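Below you'll find the structure, written out as structure tokens, and then a few comments.
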Amino acid sequence: MTQPIQPSSMVQVVDLEKFFGALQAVKQASFTVDIAEVVCIIGRSGSGKSTLLRCLNFLEQPHYGSIQIDDVRVIARPDGRVDPAQIHALRLKTGMVFQSFNLFAHRTALENVIEAPIIVKKMATTEATDLGLQLLEKVGLTDKKDQYPSRLSGGQQQRVAIARALAMQPKVMLFDEPTSALDPELIAEVLGVMRQLVDEGMTMIIVTHEMDFARNFADRIIFMDQGHLVEAGSPTQIFDQPQDARTRQFLYALDHQN
Amino acid sequence: MKPNDAETCELGQQVELIRQQQEREFQIGVYVSWAVLFFFLILAFSGLKINLFGFEIKTIALDLGFITRSGPNIAEGIVVTIILSTASIVLACLLALMGALGRLSRFPPAYATSTFYISLVRGTPLLLQIFFLFFALPQIGIRLGPMTAGILALGLNYGAYMAEIFRAGIQSVDIGQQEAAYALGMTRNQMMHRVVFPQALRLIIPPIGNQFIAMQKDSALVSTVGFVHEILWRAEKHGRRDARHLEALLIAATFYWILTIIFSACQSKIEDRFSKGVRE
């Protein structure tokens, strides 16, 4: 039931299933993401959207289905015994940004960015440092390059984390609620960097509660509920003419929470 | 009424001065109290008879001649004690690391070997293990010098306890650090080596220091099998010869205590070095 990936698509997920014990977190998830497309996944807490995202680079082991990113295709197995080399190849195609930043606490901002290029890609330190400085400049943190994460604000940490993910030159950027742990006044600086990536044509999959960002910058919205991909469409379709009752209910609750 | 900037600035300086003053007073109080406690300790061994409100308090009299005669020779044991405990703690750290990795492994033989070792060693007394290594190994043709047997016994014993310290240290590094490393394409070994161990080290250095301090004293148990001329062994020899057991033990106690004080000072220096990027 797997069809060959379209030349224009970057990510193709087919029939993905994920269990936590008896609980099914992701149910028969299938979707594709085109090159340079920005997809936002929205839904309630516990709807499985973060789990789905984390399955894409095997931080969570999916139990069934397949994931293809660029030219790497990995087929999930119920026993989890997937060739580590395949998982590694998949991870090199993706860059991930976490809700809680997860910067290496014992490394400075610059060291965080150059760590993986040096260790994983065996890049020369001087070359990696040039790349690192370039990326820190891109996220506006050149002056913080020698600071440890504990000395940076949440927004600054998240921007370093984005630079760190970009340093591996991924084909797809995965954002797992990148602004959910931030104070309101720091959200804009992180969204600003993400907007820049949208403009540069980066393929992005973003799990988010930032509906304004999703409406303005996503090419497509996927709404998830109880592990199901309920509905997908353009921001106008999803936000203005939702077809499914569950989507309407979610959006209604959002509108009336304030 | 809101104070103006100059006033808040002045108030801030005043608050800081008061805080520093209070900190100094605390330090002085601690030093004075230590001095008083130390004075009483010395007094207890002064040999004086003290009359306190009609009660006569006896103190212990020491043979100072014996102390000056035997002190230098017992002091030579310090070097042996340091060599013994340093070699043992190095061995213990290696075993503890392997033990911890085994405990965290999903490979059954590794997990089993590690838990078996930890259970066996923690389940039997150190003194027994020292005797056992010294007396049992020759039966199968392995003849170890007393020093080697001592290092092996202390290292094996402390390694088992420290394996749990290492495991706890490794596990207390936030799981998000591992996820970030994996997401960047690191292998498990790279992740452990570059991300988890350096951060775990900061957490396990204080308890390792503590174990080392304990081991400096437990190394005295090795003297029971004889021929390891560390502090306590020498003290007992001198004490027996001149029938001055108490004096001999006090000399040994003093040396152990001084060793501990010196190492404790080094320990806080080492901890400062490893706290980079975390404590602020």
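Read-outs throughout are calculated quantities, based only on the coordinates presented, and are distinct from any laboratory measurement. This structure is a prediction, so every number in the text was calculated from the model and none was measured. Backbone-built Cβ (ideal geometry, glycine too); neighbour counts: all protein chains shown.
Averaged over peptide B:186-192, how many Cβ atoms belonging to another chain are found within 10 Å of each residue's Cβ?
Across the residues of B:186-192, the mean count of other-chain Cβ atoms within 10 Å is 2.
Please get the size of the charge dipole for region B:64-279, origin at its Cα centre, with Cβ charges of +1 on Lys and Arg and -1 on Asp and Glu, quoted in debye to the nearest 20.
For region B:64-279, the charge dipole is close to 160 debye.
For chain B, what is the convex hull (Cα atoms) projected area averaged across all directions, in square nanometres?
26.4 nm²
Can you pull the mean other chain C-beta count within 10 Å for peptide A:87-94?
2
Among B:Ala214, A:Met10, A:Val139, whose Cα sits farthest toward the positive end of the charge dipole of the protein assembly as shown (+1 at Cβ of Lys/Arg, -1 at Cβ of Asp/Glu, about the Cα centre)?
B:Ala214
Sort the following peptides by mean Cβ neighbour count (other Cβ atoms within 10 Å, averaged over residues), highest first: B:72-79, B:266-273, B:51-58, B:173-180.
Highest-to-lowest ranking by the protection proxy: B:173-180, B:72-79, B:266-273, B:51-58.
So how do B:21-28, A:165-172 stack up, highest first, on mean other-Cβ count within 10 Å?
The most tightly packed comes first, giving A:165-172, B:21-28.
Give me a single rounded figure for A:120-128: the average over its residues of other chain Cβ atoms within 10 Å of their Cβ.
Mean partner-chain Cβ count within 10 Å for A:120-128: 1.
Which of the peptides B:100-111, B:185-196, B:135-146, B:158-169 is most tightly packed, and how do the rest follow, judged by the mean count of other Cβ atoms within 10 Å per residue?
Highest-to-lowest ranking by the protection proxy: B:158-169, B:185-196, B:100-111, B:135-146.
Based on the Cβ-Cβ distance of B:Phe116 and B:Gln171, what FRET efficiency does E = 1/(1 + (r/R0)^6) give at R0 = 25 Å, to the nearest 0.05?
Using R0 = 25 Å, I get an efficiency of 0.80.
If you average the sequence gap of Cα pairs under 8 Å that are 6 or more apart and divide by the length of region A:1-68, what percent do you get for the contact order?
40 percent
Where does the protein assembly as shown land at 222 nm, in deg cm²/dmol rounded to the nearest 500, when only DSSP H runs of n ≥ 4 count, each adding -39500 (n - 2.57), divided by all residues?
-18500 deg cm²/dmol
Compute the distance in nm between two label points, each set 7 Å from the Cα along the Cα-to-Cβ direction, one at B:Cys266 and one at B:His245.
Spacing of the two 7 Å Cα→Cβ label points: 3.3 nm.
Tell me which of B:Ala235, B:Leu94, B:Leu64 sits at the most positive position along the dipole axis of region B:64-279, charges placed on C-beta atoms (Lys, Arg +1; Asp, Glu -1).
Of B:Ala235, B:Leu94, B:Leu64, it is B:Leu94.
Please give the Cα centre distance for region B:40-108 versus region A:150-196, rounded to the nearest Å.
54 Å
Of B:Phe38, B:Ile50, B:Leu11, which is farthest on the positive side of the dipole of region B:5-58, counting Cα position, with +1 on Lys and Arg Cβ, -1 on Asp and Glu Cβ, and the Cα centre as origin?
Selected residue: B:Ile50.
Can you give the relative contact order of region A:139-258 as a percent, counting alpha carbon pairs under 8 Å and 6+ residues apart?
RCO, region A:139-258: 17 percent.
Taking the Cα centre of chain A as origin and charging only Cβ (+1 Lys, Arg; -1 Asp, Glu), how large is the dipole, in debye to the nearest 20?
Charge dipole of chain A: 600 debye, to the nearest 20.
Given an 8 Å cut-off on Cα distances and at least 6 residues of separation, report the relative contact order of chain B as a percent.
21 percent
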